[in-house]
Structure formats: C-alpha cells, structure tokens
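Scroll down for the structure; my scribbles are underneath it.
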Amino acid sequence: MTTLFTSRRKFLTTAAGGLSLGLTSMAATKRAAFAVQPMLRAATADSVPIPYGAAVRAGALASDAAYRAAIASICQIIVPEGEMKWSDIHPSRGEYRFENADALVDFARQSHIEIRGHTLAWYGALPAWTSELADRAEAERELVDHIETVVSRYRGAIPSWDVVNEPLVDWPVDKFSLRPSIWMKRLGAEYLPIALRTTAAVDPDTRLVLNEYDLEFSGARFAARRRALVQLLRWLRERDVPLHAVGLQAHLVAGRSIDRDGLQALLAEIVDLRLDVLITELDVVDYELPGKIGERDGLVAALAARFLGAVCEVVRPKAILTWGLTDRYSWVPTYFKRADGMPNRPLPLDAEFKPKPLFDVIEEYRRKSV
Ligand code: XIL
C-alpha cells in the first residue's frame with residue numbers, strides 16, 4: 001500500500017521503535033472495530049476497545065510521511081484540526097474551498113478509518129465577511145446555507161459532527177450565558193436549534209455533537225460551566241432539538257485538579273438525558289509543569305488517568321480523541337509556550353513518534369468499561 005510503511009510492522013520497528021504491546025493490539029483492534037460500522041455508534045460492546053482518534057493537519061499529512069503512517073496505523077478516527085472550520089472552508093461570501101477538507105476525507109477513506117466533522121456553529125475561526133451579516137434573516141440564511149453546503153458534501157462520509165462548539169462564556173451564570181459571536185448577535189440562542197436542526201435535516205444519519213471545554217476542573221468557574229451546560233442541554237431537549245452527544249474537549253491544564261464528583265455528576269446528567277459522551281480533544285497543557293522530561297511525562301499521564309478514570313466510572317465514551325497525535329504537531333506551544341524554552345509534550349507520542357506514558361494511559365482506559 002504505502003512505500004514507506006509497507007506494513008505496520010515496519011512502522012513499529014522504524015519510526016516508533018519503542019512502541020509497546022499496546023500499539024500492536026491497538027492496530028489489531030482497529031481491524032476488529034471495522035467489523036461494525038459506523039464505529040462511533042457501534043462501539044458499545046465491551047469486547048471492542050473504545051475507538052481512538054486524533055486531530056490531524058492536512059499540510060503535515062501531505063508533507064510528512066512518518067506522520068501519515070503513524071496516523072493511519074494508530075488512529076481509528078481522525079478529525080480536521082482546522083480544515084473544516086469556516087475560515088478555511090468558506091473564506092469569502094459565496095466561496096467555498098474544499099481541497100483540504102476533501103483531502104482529509106479521502107485520506108480517511110483510503111486508510112479505512114473514520115472522520116469526524118469539526119465544526120459548524122462556533123464563535124471562532126469566522127472569516128471577516130461574516131461580521132457584515134446585517135440582520136436576523138441574513139445571518140440565518142448564511143448559517144443554514146453553510147451547513148447545508150458542507151454537511152451535504154460529506155453526507156455518508158462523516159458519521160459525527162461537532163455541530164456546536166464552545167457555546168458557553170468562560171464563566172456563565174445560566175444557560176443563556178452564551179459566548180458572543182455574530183450568531184448570538186443576530187439570532188440569539190436560537191442559533192443552536194437552527195444549526196442542529198439544519199444538520200439533522202441534511203444528514204439524518206450523522207450524530208450531532210455539542211462540544212465544550214473546561215468542564216472537569218475544581219473551582220467555582222468550572223462548577224458554573226457544568227451547571228450552565230446541563231441547563232442548556234435540558235433546554236434543547238425540552239424544545240425537541242435533535243442532539244445525540246456531548247463532546248468533552250478535555251484540554252487538561254496541568255496545575256488544575258480534576259473535580260471528580262463534579263465531573264461525574266455532570267456525566268450522570270448527560271446520561272440521564274440519553275446523550276452519548278465523547279472525549280474530543282484530549283491533551284495536557286504542560287507549560288507550568290517541571291521541565292525534566294521523565295517527571296513531566298509522568299505528571300501528564302497521571303492527570304489524564306485521573307480524568308479518564310472519573311469518566312469511565314460513569315459512562316463509556318463513544319470515542320477518545322486527542323487534539324493531535326504527536327508533539328511534533330500540537331496547538332499547545334502556540335497558545336501555552338513554556339517559559340523555560342523547552343518544547344511542550346502534550347500528546348501521546350513525542351515529536352519522534354515514540355509513545356509516552358500518556359499513550360499507555362489512553363490504551364488502558366480504552367479497554368475499561370463501566
Ligand atoms: C485550535 C487549533 O488547534 C489551532 O491550530 C488553531 O489555531 C485554533 O484552534 N478548541 C477547539 C479547537 O474546539 O477547534 C481548537 O483548535 C482548540 C480548542
């Protein structure tokens with residue numbers, strides 16, 4: 001198939017020399033998991049490990065063969081880190097650019113892995129032209145047109161969409177403490193039902209996910225976020241708005257502690273609303289951790305273990321995705337650079353594709369069931 005990695009074995013013995021048994025079995029379960037499609041829906045049997053995936057970059061996939069091989073052999077799911085966001089896919093009014101998103105969908109198909117969509121209704125990555133949307137009718141028309149165009153293009157190829165991303169303000173008072181954006185300005189909270197209903201109408205088979213961050217930590221702000229999220233989910237449910245799952249981004253900031261009880265209470269509410277749970281963007285923001293690599297990698301893994309342990313006691317996530325696979329390509333250094341100048345190490349593989357303790361922790365919890 002590929003020239004560089006004609007087989008997984010070759011990958012295992014070259015780029016990722018030190019890979020543990022975990023990876024071998026992960027590759028094996030990838031084949032097993034494919035017996036049931038689509039994976040995000042079917043992985044309920046405890047014998048099948050929770051599907052693992054990572055956010056990917058089209059540019060790096062095209063230019064870095066080792067990265068491409070690592071993604072194809074380790075991941076059962078990919079999600080575009082930016083290529084399906086508004087600014088990439090819809091840079092000016094009436095102009096859609098699908099090359100990069102198409103390339104990722106093709107890559108997933110060729111690699112026999114699944115691809116999730118990210119994202120349709122978000123305050124971030126909005127191209128400048130959207131700020132000109134003058135009134136309610138125009139905003140609704142453009143939001144609906146965007147979702148119809150993008151979701152219909154990938155109908156059948158994308159079984160799960162982060163339709164709504166990060167709807168809450170940092171410190172919400174209640175469910176209507178929604179983050180300012182052109183959608184909020186013109187449509188108010190109605191933008192959520194509009195986005196979800198439009199996606200469901202265009203692709204009735206895709207799973208609709210509301211994705212949110214900062215839900216797992218101790219402290220008043222995080223408790224407020226959990227409360228507001230539950231209220232928002234109930235509000236959507238009361239109005240019969242279609243929604244299938246909540247995505248916990250899980251950008252775990254080292255130095256904060258996991259509020260086990262608070263997180264588990266949130267998950268119980270989500271389960272009670274008959275919604276699935278996905279872990280969508282796991283990584284560990286390590287900028288304030290000690291520099292020493294062995295120590296740092298241990299602390300990173302321990303924080304992820306506390307989080308995954310709390311989650312998996314209440315619910316079996318439909319998928320666990322990290323926001324990147326290798327420290328070679330991560331958003332963390334852009335936003336959370338270390339003061340000591342040392343590279344960040346937020347992801348399961350290091351920059352040379354060697355698995356770190358975080359990789360083993362994810363492997364362990366993929367195999368745990370409630
Ligand atoms: C980030 C990307 O990783 C960066 O490359 C980009 O510059 C900004 O967006 N939550 C999300 C993701 O839902 O879309 C964000 O991705 C990270 C935080």
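The values are calculated or read from the model by the stated rules, or taken from the named source; none is laboratory data. The shown structure was predicted, so the numbers you read here are calculated from the model rather than taken from an experiment. Counting neighbours? That spans all protein chains shown, and the Cβs are built from the backbone with ideal geometry, glycine included. These accessible areas exclude ligands, DNA and RNA; they are computed on the full protein's heavy atoms, side chains included. Shrake-Rupley method; radii C 1.70, N 1.55, O 1.52, S 1.80 Å.
Things to note:
- Residue count for the range 231-253, restricted to those that are closer than 22 Å to residue 323 by Cα and either open to solvent by 10 Å² or more (accessible area, probe 1.4 Å) or at pLDDT below 95 (or both): 3
- Residues satisfying the stated conditions in the range 167-181, i.e. more than 17 Å from residue 235 (Cβ to Cβ) and buried (at least 19 other Cβ atoms within 10 Å of the Cβ): 181
- Failed item in (1) among the hydroxyl-bearing types (Ser, Thr, Tyr); (2) open to solvent by less than 10 Å² (accessible area, probe 1.4 Å); (3) within 16 Å of the ligand (Cβ to nearest atom), with residue 87 passing the rest: (2)
- The range 47-66, residues that are open to solvent by less than 20 Å² (accessible area, probe 1.4 Å), more than 15 Å from the ligand (Cβ to nearest atom) and in a helix (DSSP H, G or I): none
- Inter-residue pairs, beta-carbon under 8 Å, first within 15 Å of residue 281 (Cα to Cα) and in the range 65-94, second open to solvent by 30 Å² or more (accessible area, probe 1.4 Å) and among the polar types (S, T, N, Q), 6+ apart: 80/100
- Pair list, Cβ < 7 Å and 6+ apart or interchain, from the range 250-264 residues that are more than 21 Å from residue 165 (Cβ to Cβ) to residues that are of a type in the set (Val, Ile, Thr) and surrounded by fewer than 20 Cβ atoms within 10 Å (Cβ to Cβ): 264/314
- Unmet criterion (only one of (1) open to solvent by less than 20 Å² (accessible area, probe 1.4 Å); (2) more than 16 Å from the ligand (Cβ to nearest atom)) for residue 162: (2)
- Residue 130 in contact (Cβ under 8 Å) with a residue 12 or more places away in the chain, open to solvent by less than 30 Å² (accessible area, probe 1.4 Å), within 16 Å of the ligand (Cβ to nearest atom) and among the polar types (S, T, N, Q): no
- Taken together, 228, 200, 137, 220 contain a single residue that is open to solvent by less than 20 Å² (accessible area, probe 1.4 Å) and small (Gly, Ala, Ser), which is 228.
- Residue among 31, 9, 41 that is modelled with pLDDT under 90, part of a helix (DSSP H, G or I) and closer than 27 Å to residue 144 by Cβ: 41
- Here residue 287 meets the list (1) open to solvent by 10 Å² or more (accessible area, probe 1.4 Å); (2) more than 16 Å from the ligand (Cβ to nearest atom) almost entirely, failing just condition (2).
- Of the listed requirements (1) within 16 Å of the ligand (Cβ to nearest atom); (2) out of contact with any strand residue (DSSP E or B) (no Cβ under 9 Å at 6 or more places or on another chain), residue 214 misses just one: (2).
- Residues (in contact (Cβ under 8 Å) with a residue 24 or more places away in the chain and more than 23 Å from residue 100 (Cα to Cα)) located in the range 151-174: 166, 167, 168, 170, 171, 172, 173, 174
- Single residue of the range 329-341 satisfying the filter (part of a loop (DSSP other than H, G, I, E, B) and surrounded by fewer than 16 Cβ atoms within 10 Å (Cβ to Cβ)) that is farthest from the ligand (Cβ to nearest atom): 340
- Residue identified as in a helix (DSSP H, G or I) and under 30 Å from residue 321 (Cα atoms) among 146, 118: 146
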